[in-house]
Amino acid sequence: MLDNETLRIIKQRRSTRSFKDEQITEEELQAILEAGLYAPNAGGQAWHFTAIQNRGLLDRLNLAAKQAARQMDIEQLRALGNDEGFDCLYGAPALIIVSGNERSPVPLEADCAAATQNMLLAAESLGLGSCWIFFVTLAFYSPQGNALRKELQIPEGYKPFYAAVFGYRQEAPASAPDRKPNLITCIK
């Protein structure tokens, strides 16, 4: 089977849920953001990235997301919202929110997902831990949602679709589990 650095990075990337308190460097943050900018898209690059490294703001986003989760119809989300010890950001020092322009005629969610994946792979290539986070986007459905959008300078008409956290891992990532069989069909 073919092997190169890119394929190794893709195969070794795992979600990190335990981070050191130390902030990532400005160079690392900029490299991750730049990787997002180079993601495939349907044209127009109709996304916006919001990088947050302020611990107080990260804590407020966690609390707002938990507040919104407590009102959801999904029992698992309500349980996490009610869990005082749950930190949806896993103590990571950096969060990037990927928002898409809702007025764009292209498939925004796919474009924003591609940008998020590029950032996760860039982090892995830099030796950083990362985790794709859905839960924190619930903060924008909380009573503080509109105020948070303004504070985070998310442009008018843009919807936060995805988010990911980044930082230095507390421990080495586990090996990738075996892939399930019969997930690929090749027709020649």
TODO: Scan the stretch 141-164 residue by residue and report those that are touching a residue at least 24 places away in the same chain (Cβ under 8 Å), assigned to a helix (DSSP H, G or I) and farther than 20 Å from LEU29 by Cβ.
DONE: TYR141, GLY145, LEU148
Open item on the list: It is to be established whether one or more residues within the stretch 105-125 are buried (at least 21 other Cβ atoms within 10 Å of the Cβ) and part of a strand (DSSP E or B).
Closed with: no
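Quick grid of which residues meet (1) buried (at least 17 other Cβ atoms within 10 Å of the Cβ); (2) more than 30 Å from PRO107 (Cβ to Cβ); (3) more than 14 Å from the chain's Cα centre (by Cα):
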{"position": "THR6", "(1), (2), (3)": "no, no, yes"}
{"position": "ALA42", "(1), (2), (3)": "no, no, yes"}
{"position": "LEU63", "(1), (2), (3)": "no, yes, yes"}
{"position": "ALA69", "(1), (2), (3)": "yes, no, yes"}
TODO: Please state which of the following conditions LEU183 fails to meet, knowing it meets all the rest: (1) part of a loop (DSSP other than H, G, I, E, B); (2) under 20 Å from THR25 (Cβ atoms); (3) among the aliphatic types (A, V, I, L, M).
DONE: (2)
Task: Among (1) surrounded by fewer than 19 Cβ atoms within 10 Å (Cβ to Cβ); (2) outside any helix (DSSP H, G or I); (3) small (Gly, Ala, Ser); (4) modelled with pLDDT of 95 or more, the one test that SER99 misses - done: (1)
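Among the listed residues LEU89, LEU138, LEU77, which satisfies the condition of being assigned to a helix (DSSP H, G or I) and crowded, with 22+ Cβ neighbours inside 10 Å? Full working, then the answer.
Working: LEU89 fails: assigned to a helix (DSSP H, G or I); LEU77 fails: crowded, with 22+ Cβ neighbours inside 10 Å.
One residue alone meets the criteria, LEU138.
The values are calculated or read from the model by the stated rules, or taken from the named source; none is laboratory data. Being a predicted model, the structure only gives us computed values, none of them experimental. Positions of Cβ are backbone-derived with ideal geometry, glycine not excepted, and every protein chain shown enters the neighbour counts.
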